[in-house]
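Trainee: After the structure tokens below, expect a handful of questions from me.
What follows is calculated from the coordinates using simple rules that are stated; it is not laboratory data. As the structure is a computational prediction, the values presented were derived from the model and not from experiment. Heads up, the Cβs are rebuilt from the backbone with ideal geometry, glycines too, and the neighbour counts pull from every protein chain shown.
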Ligand code: TYC
């Protein structure tokens, strides 16, 4: 008598989860010139003059504004570059990052 083992056809497919995205947040301060904030937003975040001006004014009025979302490494690199651009000019301009829910 031959012993036949029947294996189920079902394939186990591990769930692939998307990496959590991180927000880059622009914080207001009393010293960095508005036009400089706009220049940094255009250069680091590829925004048009109009978009950059809107984000800058939102941070100016409300204290902070979400600039964009990226994977963690990209968000942290862009926040650091933006903050360093201000630092080089002696401004306290600050970008932070925060994971999305
Ligand atoms: N509040 C600054 C000023 O009046 C301008 C500014 C806007 C600075 C947004 C930072 O994230 C900022 N000169």
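Trainee: Please build a GNM for the chain, connecting alpha carbons under 10 Å apart, and tell me which residue among 78, 89, 23 fluctuates the most.
Mentor: For the chain, modelled as a Gaussian network with Cα springs under 10 Å, the answer is 89.
Trainee: Can I ask one more? Order by neighbour count: 66, 37, 12, fewest other Cβ atoms within 10 Å first, most last. Intermediate results must be reported in sequence, preceding the final value.
Mentor: Details: 66 14, 37 25, 12 4.
Fewest to most other Cβ atoms nearby, the residues stand as 12, 66, 37.
Trainee: In addition: On full extension of the chain, what length is gained from residue 100 through residue 61, given 0.36 nm per residue of separation minus the C-alpha to C-alpha distance?
Mentor: Values: separation 39, 0.36 × 39 = 14.04 nm, distance 2.29 nm.
Stretched out fully, the residue 100 to residue 61 stretch lengthens by 11.8 nm.
Trainee: Could you estimate the translational diffusion coefficient of the stretch 30-99 from the Stokes-Einstein equation, with Rh from the Kirkwood formula over C-alpha pairs, at 25 °C and 0.890 mPa s, in whole µm²/s?
Mentor: Details: Rh = 12.1 Å.
Rounded, D is 203 µm²/s.
Trainee: So if R0 is 41 Å, what FRET efficiency would residue 84 and residue 13 give, r being the distance between their Cβ atoms, rounded to the nearest 0.05?
Mentor: Numbers: r = 43 Å, r/R0 = 1.05.
Efficiency, from the Cβ-Cβ distance: 0.40.
Trainee: Given contacts defined as C-alpha pairs under 8 Å and at least six residues apart, what's the relative contact order of the chain, whole-number percent? Show your work: numbers first, answer last.
Mentor: Values: 136 pairs, mean separation 41.1, N = 101.
Normalised by residue count, the contact order of the chain is 41 percent.
Trainee: Where does each of 57, 47 land when they are ranked from fewest to most other beta-carbon atoms within 10 angstrom? Could the numbers behind the result be given before it?
Mentor: Values: 57 14, 47 19.
So the residues, fewest neighbours to most, are 57, 47.
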